Every structure is written in C-alpha cells, then in structure tokens.
1. For region 201-214, what are the residues that are open to solvent by less than 70 Å² (accessible area, probe 1.4 Å) and over 25 Å from the mean Cα position of the chain (by Cα)?
2. If I ask for residues that are surrounded by 11 or more Cβ atoms within 10 Å (Cβ to Cβ) and either closer than 24 Å to Leu297 by Cα or at pLDDT below 70 (or both), which ones from region 102-118 would you list?
3. Working only within region 39-53, note down all residues that are free of Cβ contacts under 8 Å to residues at least 24 places away in the same chain and open to solvent by less than 90 Å² (accessible area, probe 1.4 Å).
4. Give me a count of the residues in region 70-101 that are farther than 19 Å from Thr188 by Cβ and either in contact with an Asp or Glu (Cβ under 6 Å, 6 or more places away or on another chain) or open to solvent by less than 80 Å² (accessible area, probe 1.4 Å) (or both).
5. Criterion first (assigned to a helix (DSSP H, G or I), among the hydroxyl-bearing types (Ser, Thr, Tyr) and at pLDDT 85 or above) does Tyr84 satisfy it?
6. Yes or no: Lys217 at pLDDT 80 or above and buried (at least 17 other Cβ atoms within 10 Å of the Cβ)?
7. Which of (1) surrounded by fewer than 18 Cβ atoms within 10 Å (Cβ to Cβ); (2) among the aliphatic types (A, V, I, L, M); (3) modelled with pLDDT of 80 or more is the odd one out, the single condition Val240 does not satisfy?
8. Would you be able to say whether some residue in region 289-305 is surrounded by 18 or more Cβ atoms within 10 Å (Cβ to Cβ), among the aromatic types (Phe, Trp, Tyr) and over 19 Å from Thr239 (Cβ atoms)?
Amino acid sequence: MEKEKKRLSWFWKWFLNNQFVTALLIILLILLILNAFTKVSYLFEPVAQFVGVVGLPIVLAGVFYYLMNPAVDYLEKKGLKRIYSIILLFLLVIGLITWGVVVIVPKIREQTASFIDNFPNYLDVIDQKANEILNDPMFGTFKDQFDSYGDKITTWLTDFIRNISSSTISSIGKIVGAVASTLVAIFTMPFILFYLLKDGRNLAPYFVKFLPNKVRKPTLKVLREMNDQVSSYIRGQLTVAFAVSIMFIIGFSIIGLDYSVTLGVAAGFLNLIPYLGSFLAMVPAVFLGIVAGPIMLVKVLVVFVIEQTIEGRLISPLVLGNELSVHPVTILLVLLTSGKLFGVVGVILGIPVYAAAKVLITHLFEWYKDVSQYYHEEDVEEEQ
C-alpha cells in the first residue's frame, strides 16, 4: 500500500502536478486543434471573404478615427455637441480632400507623365555617364565586370517586362475586383467612421459586458492600453509622414529639382515604413540628381541630410517619443516578416499590430507569473 502511494505521489509530482508538463500538454492540445481546423478550413472561406470585403473600409475608418477623435473630444470639452463636432470635422476633411484633388492631384499627374516621357532620355544620360566613368583608365580593369552586370540587369528587366505583359490579360479580373473593392471601401468608410466617432468609446465596455465579472476589469485595462499604443503610433506616424512630405517638397523646390511635388508626396507615403521609407524615397531623387549633374546630386544629398536631421532630432522625438518602446532591430524583423506574409499592407500595419500584440502578451505573462510557482521571490529567498 505504501509502495503504491509512493508511486502515485511520484507520478503526481512529476507529471500530474507539474506545471511544465501541463504547459506542454496545453501546447499539444492547441496544435491538435489547429490541425483539426486545417481539415475543415473550407467552412471558414465565407468568413474570410466577408473579412476581405469589410476589412479595407474598417481599417481606413480606424485610421481616420485615431486622427479625428482627439479633435472631436477637444471640441466636445469646449461645449460643442459631439454630433456637431463630427459634422464640422467631416466638412473640413471633405474640403481638404477637394483641395487636394483640384490642386495637388493634377500636379502629380502632370509630373508623373513628364517623368515617364523623359525616362528613356534619363537612361541615355545615365548610360553615357557610366561609359565615361568606365572608359577612364582608372576603372579599366573593372570594365568587363560592369558590362557583365549591365547585361544581366538588362536581361532581367526584359524578362520582367515580358512576364508582366503576358500576365496582364489574366490579371484583368483581379484588377477589376480590386478597383471594385476599393470603391466600395471609399463609399462605406465614411459611415463606419461616423459611428466610430460617435460611439467608439463605448465599444470596449460593451464587449466586456459579455465576459465573466472577474476578468472584465483586467480585460478593459488591456484593451485600453492596446488602443493607446495603436492610436499613438498611427497619429504619430502620419504626422511625421506629413512633415517629411512638406520638408522634401520645400527642399527640392529650393534646389530646383524636377518633380519636387511628386517626390515629396511619395516620400511622405514611403515614410509610413519605419527606417526604410526615407531611404527608398531618396532613390528617384538621387537618380534625377545624377541625371542633372554632380552639383544637383550634391544638393539632393544635402536636402536629404537636413531632412533626416530635422526628422530624427526634432520631429520624431517630439511627435512619437518613446511610447512604442520597440527596439529598431525588432521593427526591422517585423517589417520583413509582415511584408513577406501580407505584402504592402503587412509592411504598413505590421508595427501597430505588433505593438497591440506586445501589450496582450505582456499582460498574459504577468498573469502567468502570478499564478505559477516559478517567479515567486519568496521561494527564491527561502532557497537562499
């Protein structure tokens, strides 16, 4: 009898009452459940299609919500009814969009068309300058290697254009579908945005009501922290992107670089990609600087250095601060992973999603530390 008790106690201690083994069993069950879901994935295709339809307008409405909600709250505190504050901001946004369509869009269209028309001439200029450099005796030993690389690049571009041409007809349906989804998103987004601004602050408390009383308060705390992280990132990143766009437009206009408005707007959009956006935006500017001559190239680089200094030392710390608390290496890894999995959308939304997930995982880990026996300081002190 005693031997059986010892055997049972040993089995209980190392397996049944072992948190590490329990965690492994939970992980195994989760993997089995996921494997079962893969077998019946066809049942979730309607859900995926529904999310694909409503996802874009909801994301767009969420971005505008985080931008406009502080202004709505401010006007409401000043005594203006919330509904009137929302209508006032809607009229202001519609006015700005109309101004952009009338003033900025034609300019961008004109500059883009001019760049496309002149692109072959730009390539000829680049080719002439490259030949001048390669014909220099100093670079004579590298001429064959550069010619080989040039031929490979030309072949790759030719194959790339041929593949695009062959797949254009088969992609017409996808293009039409994407355009239709975008139009639907543009028309439905204002309605979603209106109700988000009107009742958005009541969403979290409403959903929390369906949870048990014990977990309502911590869940609401986690949701609010996630909301703060995402809202601060989106507002800050869009503000920085707008400032970068203005700085590049002014800088390129001062030095007389062609297509300054288009390059500035493109730089603003690309700046939504942390760390990499500004450098990507400089590629066409450096290309045009090389075409215009060494003096223009130096001016372009000076504008880039000034913009990076102002952005890095003044605007980003002032607007973004250290609220996100994500290491730069982590940001790069998130960008690479999300970009590989979800493309451009993943690159843009990867960081705020990671920030929200980080808040959730941090709270789950704190809860696990409280309920487990592995992180109690009293136990460590007793062992010492």
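The values are calculated or read from the model by the stated rules, or taken from the named source; none is laboratory data. What you are looking at is a predicted structure, and each value in this text was computed from that prediction instead of being measured. Counting neighbours? That spans all protein chains shown, and the Cβs are built from the backbone with ideal geometry, glycine included. Ligands, DNA and RNA are excluded from the accessible area calculation, which covers all protein heavy atoms including side chains. Shrake-Rupley method; radii C 1.70, N 1.55, O 1.52, S 1.80 Å.
1. Pro205, Val208, Leu211
2. Scanning region 102-118 gives Lys107, Ile108, Glu110, Gln111, Thr112, Ser114, Phe115, Asn118.
3. Applying the first criterion (free of Cβ contacts under 8 Å to residues at least 24 places away in the same chain) to region 39-53 yields 39-51.
Those that are free of Cβ contacts under 8 Å to residues at least 24 places away in the same chain and open to solvent by less than 90 Å² (accessible area, probe 1.4 Å): Val40, Ser41, Pro46, Val47, Ala48, Val51.
4. Keep residues of region 70-101 that are farther than 19 Å from Thr188 by Cβ, which gives 70-85, 88, 91-92, 95-96, 98-101.
Still in the running and either in contact with an Asp or Glu (Cβ under 6 Å, 6 or more places away or on another chain) or open to solvent by less than 80 Å² (accessible area, probe 1.4 Å) (or both): 70-73, 75-76, 79-80, 82-83, 85, 95, 98, 100.
Within region 70-101, residues that are farther than 19 Å from Thr188 by Cβ and either in contact with an Asp or Glu (Cβ under 6 Å, 6 or more places away or on another chain) or open to solvent by less than 80 Å² (accessible area, probe 1.4 Å) (or both) number 14.
5. On the way: assigned to a helix (DSSP H, G or I): yes; among the hydroxyl-bearing types (Ser, Thr, Tyr): yes; at pLDDT 85 or above: yes.
It is true that Tyr84 is assigned to a helix (DSSP H, G or I), among the hydroxyl-bearing types (Ser, Thr, Tyr) and at pLDDT 85 or above.
6. Values: at pLDDT 80 or above: yes; buried (at least 17 other Cβ atoms within 10 Å of the Cβ): no.
In short, no.
7. Result: Val240 fails condition (1) only.
8. Yes, region 289-305 has at least one match.
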